[in-house]
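**Student:** Provided herewith is a single structure, encoded as structure tokens, for subsequent inquiry.
The values are calculated or read from the model by the stated rules, or taken from the named source; none is laboratory data. Keep in mind that this is a model prediction, so the values were computed, not measured. Neighbour counts run over all protein chains shown; Cβ positions are idealised from the backbone, glycine included. Areas reflect the complete protein model, heavy atoms only, side chains present, ligands, DNA and RNA absent. Shrake-Rupley method; radii C 1.70, N 1.55, O 1.52, S 1.80 Å.
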Amino acid sequence: MAGSEYEYLDVPEALPEGFDPEEYIIATYYMCLPAGLDAYGLAQMAAVEQSTGTWTPVPKETPEVRKKHVARVIGVYEAPSYQWSVPKDVEERQYIVQIAFPIVNLCGSQFPMLFATVAGNLMAGGKIKLLDLAFPKKYLEGFKGAKFGIEGVRKILGVKDRPLLNNMIKPCVYSPPEIGAELAYEVAAGGVDIIKDDELLADMELNKVEDRVVKFMEAIDKADEEKGEKTLYTINITDRPSRVIELAEKVIELGGNALMVDALPIGLETLRDLAEDPSINVPILAHLPDFTGALYMAPEYGLSSHLIIGKLPRIAGADIVVYPAPYGKAPFLRESYIRIARELRYPLYHIKKVFPMPSGGIIPRHVPQLMLDLGVDIVIGVGGGMHAHPEGPRAGAMAFRQAIDAALKGIPLEEAGKEHKELGIAIGTWESTKIV
């Protein structure tokens, strides 16, 4: 233990009130440990492992080094909290552990060293899940966040007070690009605000980004002139980091008005590079369902969904974040999708509020519930539920706009479906699809 001359500042623990929160990132973990292990001791070992030391003391890990650089355990909370004794049949004990990591260790505001620090070696220690990260203002000042956010995207589209409607072109992968452009024209003319490539279609040899952006923008311009509204096309530029920037510049040069990336496969720093590049002055849609399931799905391992899908891509600079809705085809908890929306829209220092875009098997019947859950500051993501409309994708888009209008006016969907043919057909087509 440290002597009084260091006032306990060189030990890997502190009271929650005993350190300067502006100098630390606070990581909250779930840990499930064998009943006989010392949770406090293991938490301190983890703090040292992820900051100044290793499994055994080394000579140069001096009190002076630890005072400046050691991480500190600020809370170990057991649930249920045994006080008198631990029942003999209890084999594992569950804890919430909070560790404060000095931001001086992190080489500035960046994701690689953040992940190496808060989700490094200790995550291989068994049943451990990173639940959340609380960032000080000082650290987040190094991130710019989204260029546009909710307010900026609405300004581009001229839409003030209703949910935005997105369509993912289906089939997911196709060639030639004329197929997608034809579908884009139909859904845009039907009232879609944002058209999105599927996450599985990027710069493939038979459907190049440069060909697709030209043909799609021609189709969208035609549709916009007909409907008197503006449409964004978020073209998928997912690739190697250097290629992502190259493709983004090419899209803008050719007249593209938005971008999309598979955010985790390209890395959050690449997303950040796009968002912070002053020459890339168009909204960015981040697709998060792909790959993130490998990180959040296990209840006792990995990272929480609201962190990896919500807070972190928002900090990285996404204007719109796509993630699973619980009412369609995706296995996702309702409370998780609501929590993610909070992470994307609640105040976070200077970082702009950004659009949540719940998607995955969405049909018009789901629209009122999505709006009840999340309000109007959302993008409703639709794929097959628009393209598979019996009267075609334009009618599919019209059905969704009719559903949005009905929900805004408080009109029951079935009643609105009697007045609007496209919506009525959609309701009848997927009548057995219920919200669960």
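**Student:** May I ask you to list the residues of region 82-114 whose amide nitrogen lies under 16 Å from a point 7 Å from Cα along the Cα→beta-carbon direction of K68?
**Tutor:** 102-108, by backbone N distance to the label point.
**Student:** Antiparallel versus total DSSP beta bridges in the chain: what percent is that, nearest 5? Please report the intermediate quantities before stating the final value.
**Tutor:** Values: 26 of 54 bridges.
That works out to approximately 50 percent antiparallel.
**Student:** While we're looking at this one, here's another question. What span do the alpha-carbon atoms of region 167-315 cover on each of the three principal axes, reported in whole Å from largest to smallest?
**Tutor:** 51, 30, 29
**Student:** Continuing with this model, one more query. Stick to Cα atoms and the Kirkwood definition of Rh, then tell me Rg/Rh for the chain.
**Tutor:** Details: Rg = 24.6 Å, Rh = 23.5 Å.
A ratio of 1.05.
**Student:** Also: Could you derive backbone 3J(HN,Hα) for region 183-197 from the dihedral phi with the Karplus parameters 6.51, -1.76 and 1.60 (θ = phi - 60°), listing whole Hz in sequence and x where the residue is Gly or Pro?
**Tutor:** 5, 4, 4, 5, 6, 5, 4, x, x, 5, 8, 9, 10, 10, 4
**Student:** Among all lysine pairs in region 302-436 that are eight or more places apart or on different chains, how many have alpha carbons less than 23 angstrom apart? Don't jump to the answer; show the numbers that get you there.
**Tutor:** On the way: K311/K352; K311/K353; K329/K434; K409/K418; K409/K421; K409/K434; K418/K434; K421/K434.
Value for region 302-436: 8.
**Student:** For the chain, which whole percent of the accessible surface, found with a 1.4 angstrom probe, sits on carbon and sulfur atoms? Provide the component values of the computation, followed by the final result.
**Tutor:** Working: 10560 of 19110 Å².
The nonpolar share, carbon plus sulfur, comes to 55 percent.
**Student:** Now for a separate question. Using a 1.4 Å probe on the protein heavy atoms only, what accessible surface does K137 show? Give it in Å² to the nearest 10.
**Tutor:** Around 100 Å² of this residue is reachable by solvent.
**Student:** If each residue of separation counts as 0.36 nm, what is the full-extension length gain between S279 and E78 once their alpha-carbon separation is subtracted? Walk me through the intermediate numbers first.
**Tutor:** Numbers: separation 201, 0.36 × 201 = 72.36 nm, distance 5.01 nm.
In short, 67.4 nm is gained.
**Student:** Right, something else. Using the Karplus equation 6.51 cos²θ - 1.76 cosθ + 1.60 (θ = phi - 60°), what ³J(HN,Hα) coupling, rounded to whole Hz, does each residue of region 412-426 give in order, writing x for Gly and Pro?
**Tutor:** x, 4, 4, 5, 5, x, 6, 8, 10, 4, 4, 5, x, 5, 4
**Student:** Apply the Karplus parameterisation 6.51 cos²θ - 1.76 cosθ + 1.60, with θ equal to phi minus 60°, to every residue of region 158-167 and state each ³J(HN,Hα) to the nearest whole Hz, in sequence, with x for glycine and proline.
**Tutor:** Couplings: x, 10, 9, 9, 9, x, 7, 10, 10, 10 Hz.
**Student:** Right, something else. Sorting H387, H287 by accessible area (1.4 Å probe), largest first, what list results?
**Tutor:** Numbers: H387 35, H287 10 Å².
Descending accessible area places them as H387, H287.
**Student:** Keeping all protein chains in place and using 1.4 angstrom, which order do H350, H366, H420 fall into by accessible surface area, from largest down?
**Tutor:** On the way: H350 90, H366 0, H420 65 Å².
Output order, biggest surface exposure first: H350, H420, H366.
**Student:** Here's another thing I want to ask about it. Using R₀ = 41 Å, calculate the FRET efficiency as 1/(1 + (r/R₀)^6) where r is the Cβ-Cβ separation of Y349 and E391; round to 0.05. List each step's numbers first, then the result.
**Tutor:** Details: r = 48 Å, r/R0 = 1.16.
Given R0 = 41 Å and the Cβ-Cβ separation, E is 0.30.
**Student:** Count neighbours as other Cβ atoms within 10 Å of each site's Cβ, and list the trypsin sites (Lys or Arg not before Pro) in region 11-105 that are DSSP loop with at most 12 such neighbours. Display every interim value, and only then the final one.
**Tutor:** Numbers: sites: K60, R66, K67, K68, R72, K88, R93; in loops: K60, K88.
The qualifying sites are K60, K88.
**Student:** Right, next: So how far apart, in nm, are the two label points at L372 and E205 if each is 7 Å from Cα heading toward Cβ?
**Tutor:** 5.1
**Student:** In nanometres, what is the gap between the two model label sites at L37 and A298, each 7 Å from Cα along Cα-to-Cβ?
**Tutor:** According to this spin-label approximation, the distance is 1.3 nm.
**Student:** For L157 and E22, what is the calculated FRET efficiency with R₀ set at 45 Å and r taken between the beta-carbons, to the nearest 0.05?
**Tutor:** Values: r = 38 Å, r/R0 = 0.85.
E(calc), rounded to 0.05, equals 0.75.
**Student:** Using the Cα atoms of region 13-65 to build a convex hull, what is its mean projected area in square nanometres?
**Tutor:** On the way: hull surface 19.6 nm².
That works out to 4.9 nm², a quarter of the Cα hull's surface.
**Student:** Provide the gained length on full extension for the span K137 to R334, in nm with one decimal, where the gain is 0.36 nm per separating residue minus the Cα-Cα distance. Display every interim value, and only then the final one.
**Tutor:** Details: separation 197, 0.36 × 197 = 70.92 nm, distance 3.00 nm.
Gain in length upon complete extension: 67.9 nm.
**Student:** Still on this structure, I have one more. Please work out the average accessible area per residue across region 45-108, using the 1.4 Å probe convention, and give it in Å². Working shown, then result.
**Tutor:** Working: 3900 Å² over 64 residues.
Normalised by residue count, the accessible surface of region 45-108 is 61 Å².
**Student:** Let me ask something else about it. Is it possible to state the helix-based mean residue ellipticity at 222 nm for the chain, with each DSSP H run of 4+ residues giving -39500 (n - 2.57), the sum divided by total residues, to the nearest 500 deg cm²/dmol? What is it? Let's see the in-between values first.
**Tutor:** On the way: 18 runs with 167 residues, N = 436.
Theoretical 222 nm ellipticity from helices: -11000 deg cm²/dmol.
**Student:** Compute the longest continuous run of the chain that contains no exposed chymotrypsin sites (Phe, Trp or Tyr not before Pro); treat a site as exposed when its DSSP state is not H, G, I, E or B and it has at most 10 other Cβ atoms within 10 Å.
**Tutor:** In short, 85-436.
**Student:** Quick one: which residues, 5 or more positions from Y233 or on another chain, have an amide H under 5 Å from its amide H? H modelled 1.01 Å from N in the peptide plane, none for Pro or chain starts.
**Tutor:** Here I195, N257, A258 satisfy the definition.
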